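**Student:** Before anything else, here's the structure in question.
The values are calculated or read from the model by the stated rules, or taken from the named source; none is laboratory data. On a predicted model such as this, the values are computed, not experimentally measured, just so you know. Glycine gets a Cβ as well: all are built from the backbone with ideal geometry, and neighbour counts include every protein chain shown. Side chains included, ligands, DNA and RNA excluded: accessible areas come from the protein's heavy atoms. Shrake-Rupley method; radii C 1.70, N 1.55, O 1.52, S 1.80 Å.
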Amino acid sequence: MSSTFSNMLSRARVFASNPRAEVHSLVARMRSSLLSTPGAADTERMRVMLGRMVLIRLAVLSTFLGSFAWRIFESGSSETHLTKVCSIIGATFFVSAVNALCLKKSARVQVIGYLQFVVDIVLVTATVSLSGSVASLVLYLLLIVGGAVVFNRHGAVIIAALVGLSYGFIESGVINGTSSLSMRPDEIVLAYFTFIAIALVSATLADQAQRFGVLAATHARSLDDFHKRQQLLLDDISEGVISFDFHGHINGINNAARAALRMSRELDVTGMTIQSLFSAVGLHGGDELSSSKTPPEVATEIVLTRNGSDEEFRLEYLTRNLPGDTEPGRLLLLKDVSRQRDMEERLELHERMAQLLSRETLASQATASGMGEVPFPMIGESNVMKHIFTLVDRVARSDASVLITGESGTGKEIIARTIHDRGPRKGRPFVALNCGAIPENLIESELFGHKKGSFTGAVNDSPGLFRQAHTGTIFLDEVGELPLPMQTKLLRVLQERKVRSVGDVHDIAIDVRIVAATNRDLKKEIARGGFREDLYYRLNVVHIIVPPLRDRREDIPLFVRHFVNACCGHDGVLPRLSPEAVQM
């Protein structure tokens, strides 16, 4: 600040000692600056800026003069004023069209630019003179600022000088014979130098803004070069790498990571989070990738799937925090282990098939599993099936009621027969009844029997299934299908261990073990009133849940081996199955 003030004082002393030489020097510098030929880049920049000034001229003058014409029309003033305003508007559009055409075709852009500002000064002077409003002086200020942005400091001073002269012509009455704004001569002089000062300040600010823009563009190019070099380094790494800033947004990804995620190289992921990246490429799974709970330097494996595809692929990843004094970023390192895991699974299948081939019969499998001397009639070595086998052996020794639940085809009746055959009632009657296959009006007679003539069609006495199963086991399949009245009678039989035939007046004591099965959820049936809760707890003394095969896929090789034996065992030579076939 002090050095600038000292320079100004020294220049003032030089000017006072030899004013004529200083004026000649200033004129020479301004002439050299104004008549200098700009470079190609500066010429194109000036052409763009002048084009924008044409649009600003049209917008500002049209708005100002249009509102002024509307006020004249509303107030009913002289039509002469309205005609002049419309003439200026028409001249503005005409001159702007010619101006734009010259800018497009002429190579002397700087000369066109100065002419354009001269025309703007004339148009604005006519507007200010016609309106006689102090507010219209803002149009002059816009011209000075525009000149400072488009041209250098000397050009802005010249435009400000022309503006000051035009304003002086208006105030002195040279243009329309009278002063429009009623200002004193000293105020006119002050306004003139104010215009010059505004031009100098605007030019300085415009110069600083241009330098800042050049500096910003330089930094942007440097940053772009840095990112390109960083991307080249990342692409040279064989391991997948994704870099994040401290907000969790992606700022870099290499080709190995794109390949691991099965995504194209064209997709721009900059600024995305890992969740938005997965959504963009249609991946599911891996929510823990964005979790801050996963500690760095700990390899974790995830399974990913893609929309509309059953394909699964496995990735192993670990995170590393980038060092920094402030909040650090993060690196995510990815490794596709799908092929490796597939080879491991195939090796495991090879070993499993070798174990199966070394066993001669399913009976030896059951004996080795500790299932007793009699082979268990169900196939399975999974943990859940071993638990069922153990539970069946334990419950078979008692007379407790058993409820077996599971989907259709899971082997509920086989388990019921096994409970009977492995218990003390072995060799006694085993009676099975599908409760859903008997009409509602006949089920009581089917279960408890009837006397001759007790209803139409009862031509003989019938003991009923409960009496047929005396000292043995009765299996009530699909017990959830029983109607509510029949559930009440079945509850009485469970409580009293007596049955009464239809049409009889006496109860008959029975010794029967009851095993029931259903594929329904009886608790839901109880909630909606379709099954008695007290009957449920009478039947559900021991509950066995049989899983579907899809929940114990490790047992599938056993089934494969069983059916190969069943279909091909009579030939004496069993075919060998490849691990790929078993895997499919």
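**Student:** For a quick check of your reading of the model, give me the residue pairs whose first member lies in segment 437-453 and is within 21 Å of Asp507 (Cα to Cα), whose second is open to solvent by 80 Å² or more (accessible area, probe 1.4 Å) and not in a helix (DSSP H, G or I), with beta-carbon atoms closer than 7 Å and at least 6 apart or on different chains.
**Tutor:** What qualifies is Phe448/Arg500; Lys451/Asp461; Lys452/Val459; Lys452/Asn460; Lys452/Asp461.
**Student:** Return only the number of the condition from (1) open to solvent by 90 Å² or more (accessible area, probe 1.4 Å); (2) hydroxyl-bearing (Ser, Thr, Tyr); (3) at pLDDT 80 or above; (4) assigned to a loop (DSSP other than H, G, I, E, B) that Ser279 does not satisfy.
**Tutor:** (4)
**Student:** Considering each of Val269, Val241 in turn, give the residue that is assigned to a loop (DSSP other than H, G, I, E, B), touching a residue at least 12 places away in the same chain (Cβ under 8 Å), touching a helix residue (DSSP H, G or I) at 6+ places or on another chain (Cβ under 8 Å) and surrounded by 18 or more Cβ atoms within 10 Å (Cβ to Cβ).
**Tutor:** Just one listed residue meets the conditions, Val269.
**Student:** Right, Pro323: open to solvent by 60 Å² or more (accessible area, probe 1.4 Å), out of contact with any Ser or Thr (no Cβ under 6 Å at 6 or more places or on another chain), of a type outside the set (Asp, Glu) and modelled with pLDDT of 70 or more or not?
**Tutor:** yes
**Student:** Have a look at Thr456, Thr471 and point out the one that is outside any strand (DSSP E or B), at pLDDT below 90 and either touching a strand residue (DSSP E or B) at 6+ places or on another chain (Cβ under 9 Å) or open to solvent by 20 Å² or more (accessible area, probe 1.4 Å) (or both).
**Tutor:** Sole residue among the options that is outside any strand (DSSP E or B), at pLDDT below 90 and either touching a strand residue (DSSP E or B) at 6+ places or on another chain (Cβ under 9 Å) or open to solvent by 20 Å² or more (accessible area, probe 1.4 Å) (or both): Thr456.
**Student:** Output the residue which, of all residues in segment 485-517 that are of a type outside the set (A, V, I, L, M) and touching an Asp or Glu at 6+ places or on another chain (Cβ under 6 Å), is surrounded by the fewest Cβ atoms within 10 Å (Cβ to Cβ).
**Tutor:** Among those that are of a type outside the set (A, V, I, L, M) and touching an Asp or Glu at 6+ places or on another chain (Cβ under 6 Å), it is Lys498.
**Student:** What number of residues within segment 551-584 satisfy the criterion of being β-branched (Val, Ile, Thr) and more than 19 Å from Arg346 (Cα to Cα)?
**Tutor:** Residues in segment 551-584 being β-branched (Val, Ile, Thr) and more than 19 Å from Arg346 (Cα to Cα): 2 in total.
**Student:** If I filter segment 533-542 for residues that are on the phi > 0 side of the Ramachandran plot, modelled with pLDDT of 90 or more, open to solvent by 10 Å² or more (accessible area, probe 1.4 Å) and among the hydroxyl-bearing types (Ser, Thr, Tyr), do I get at least one hit?
**Tutor:** Within segment 533-542 (the criterion being on the phi > 0 side of the Ramachandran plot, modelled with pLDDT of 90 or more, open to solvent by 10 Å² or more (accessible area, probe 1.4 Å) and among the hydroxyl-bearing types (Ser, Thr, Tyr)), the answer is no, since none of the residues qualifies.
**Student:** Please specify each residue of segment 282-309 satisfying the condition of being open to solvent by 50 Å² or more (accessible area, probe 1.4 Å), modelled with pLDDT of 75 or more and in a loop (DSSP other than H, G, I, E, B).
**Tutor:** Of everything in segment 282-309, those that are open to solvent by 50 Å² or more (accessible area, probe 1.4 Å), modelled with pLDDT of 75 or more and in a loop (DSSP other than H, G, I, E, B) turn out to be Ala299, Asn307.
**Student:** I've got another one for you. Can you tell me how many residues within segment 380-429 are of a type outside the set (A, V, I, L, M), under 25 Å from Glu481 (Cβ atoms), out of contact with any Gly (no Cβ under 6 Å at 6 or more places or on another chain) and open to solvent by less than 60 Å² (accessible area, probe 1.4 Å)?
**Tutor:** The qualifying residues number 7.
**Student:** Which of the residues spanning segment 138-153 are open to solvent by 30 Å² or more (accessible area, probe 1.4 Å) and modelled with pLDDT of 75 or more?
**Tutor:** If the condition is that a residue be open to solvent by 30 Å² or more (accessible area, probe 1.4 Å) and modelled with pLDDT of 75 or more, then Val138, Leu141, Leu142, Val145, Val149 are the ones that fit.
**Student:** Filter segment 198-241 down to residues that are farther than 30 Å from Leu261 by Cα and among the polar types (S, T, N, Q), then give me how many there are.
**Tutor:** Number of matching residues: 6.
**Student:** Across segment 246-266, what is the total count of residues that are basic (Lys, Arg) and either modelled with pLDDT of 85 or more or buried (at least 18 other Cβ atoms within 10 Å of the Cβ) (or both)?
**Tutor:** The total comes to 1.
**Student:** So how many residues does segment 61-90 have that are of a type in the set (A, V, I, L, M, F, W, C), surrounded by fewer than 18 Cβ atoms within 10 Å (Cβ to Cβ) and under 56 Å from the mean Cα position of the chain (by Cα)?
**Tutor:** The number of residues fulfilling the criteria is 1.
**Student:** Anything in segment 518-532 that is open to solvent by 70 Å² or more (accessible area, probe 1.4 Å) and in a helix (DSSP H, G or I)? List them, or say none.
**Tutor:** Residues satisfying the conditions are Lys523, Lys524, Ala527.
**Student:** Only one of Glu554, Glu478 is crowded, with 16+ Cβ neighbours inside 10 Å and in contact (Cβ under 8 Å) with a residue 24 or more places away in the chain. Can you tell me which?
**Tutor:** When all the criteria are applied, what remains is Glu478.
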